[in-house]
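Below is one structure, written out as structure tokens; the observations come after it.
None of the figures in this text is laboratory data; all of them are computed from the coordinates on show. What you see is a predicted model; the values in this text were computed from it and never measured. Methodologically, a virtual Cβ is constructed for each residue, glycine included, from the backbone with ideal geometry; neighbour enumeration extends over all protein chains shown.
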């Protein structure tokens, strides 16, 4: 009997220890709803994930967004300053035990409303009486959301869905504009990635329906309208100004050039700003969307072009100099534009000197070439699928590659135990013959944490060694690389956010005897 009590007591102790470990688990974060808010406003949102201790703190990559936890678990308030920049910001939850992965939170300029069920068919469409952003969710299998918008003849409605492309909601949405009796007038499937967009001009006065439904972003054997608690979306419905992209996409510093916005209803305020930024360069920039090059161009230069018709090919003459390599960098997909670029460099006889295609679907590419003589070559640009149109716009840079380096770490969150040093390996990818001697520095850490740069065994690795005797710290920090022999060289060290196909320089350090790194967010179907 005594032995049984002993075993029971031991088991209870083990359970208590295990329970303590579970309680100390870092917060996780799988989705936010609503997944954004209007600039200058305060919005309440719900974070989905696990929070073993409540409240937890929240951090935003934009200091103009202040976050505070509510009384109820998972509830937060975001106060968005009037000077916050529209677009995605990153949110991270954290406490003394660790930090969550990052999730996007989108800032907009239009008023925001919530989707109201039931709105599954055209007869029960939710009425929308102004330009706004609808925060909704296709929350169950078979879910369909319908919204009614009154339009006058000739009036243009721009309807844009943000779901999979930015938020990584596991949905492949379809958007339709239908008549009150359900006749489909317009439809779009994949505009930006898997997310749809429509610009619909009303043929007559009436109340038109915008209908949203989805398939799973990872196709399976079922044929159904897909939905789940993670199928969060932001639907912009605007009859006001909506900027799509600027022309040109690059301007030379000090040139006085003023890009012109393209889009819809641009004379009507408020304007929904374009997500495409104009790039400022130190060298000559050209706009070939309206006129072809009149003469051969000398690198370095940048140009904006358009594949206006299906099957069309743009040709740019380039003067090449023996022994001076060039790098041709083209962007369209990265700018949320539809061109999937293919590059070819031809000599005077039409022979192919070099060519490049995207390494994966919906991506851009880069071409590199080292001339063996002085001559004029032709740079060809076309779409991989031989498509074209008004939005098939690109920005191309032809430059002489300069020595550089990319530096990466394997994770964006780290846990440091007091008295036990932490080594953070950094991978160095040197480009164009970069020979600089690099060392690492940490920015944003408190004085209680010591950071030391440790050289690698070769020029492809470095290590940042952290140590502290502090008991509890949880805060963001950055790692930067500087070159001892090149005073102007400073590069941030970045971590991949695999689920979002991007990187971040905003790293996180948690100090504590029980600090842990939360597991990555389970990968959603795309």
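The table that follows gives values for the structure above.
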| read-out | value |
| --- | --- |
| Simple label model, 7 Å out from Cα along Cβ direction - residue 502 to residue 313, nm | 3.6 nm |
| Highest to lowest packing among 90-96, 377-383, scored as the average C-beta count within 10 Å | 90-96, 377-383 |
| Among 215-222, 166-173, the order from most to least packed when residues are scored by Cβ within 10 Å on average | 166-173, 215-222 |
| Residues 137, 53, sorted so that the one with the fewest Cβ neighbours within 10 Å comes first | 53, 137 |
| Mean Cα-pair separation over length for segment 404-511, i.e. relative contact order, pairs under 8 Å, 6 or more apart, % | 35 percent |
| Order by protection proxy (mean Cβ within 10 Å, highest first), peptides 230-240, 36-46 | 230-240, 36-46 |
| Modelled FRET efficiency - R0 35 Å, residue 439 with residue 247, Cβ distances, 0.05 increments | 0.25 |
| Extension gain from residue 346 to residue 400, taking 0.36 nm per residue of separation minus the Cα-Cα distance | 17.6 nm |
| Net lengthening on full extension, residue 376/residue 357 (0.36 nm per residue, minus Cα-Cα) | 4.6 nm |
| Likely footprinting exposure, 391, 397, fewest C-beta neighbours within 10 Å first | 391, 397 |
| Residue exposure sequence - 301, 283 - by fewest surrounding Cβ within 10 Å | 283, 301 |
| Segment 104-130-segment 69-87 distance, computed between alpha-carbon centres (Å) | 20 Å |
| Additional length obtainable on full extension of the chain from residue 205 to residue 417, 0.36 nm per residue less Cα span | 69.6 nm |
| Helix-derived mean residue ellipticity, 222 nm - over the chain, DSSP H n ≥ 4, -39500 (n - 2.57), to 500 | -1500 deg cm²/dmol |
| Options (i) 0.98; (ii) 1.02; (iii) 0.96 - which one matches Rg/Rh (Cα atoms, Kirkwood Rh) as calculated here | (ii) |
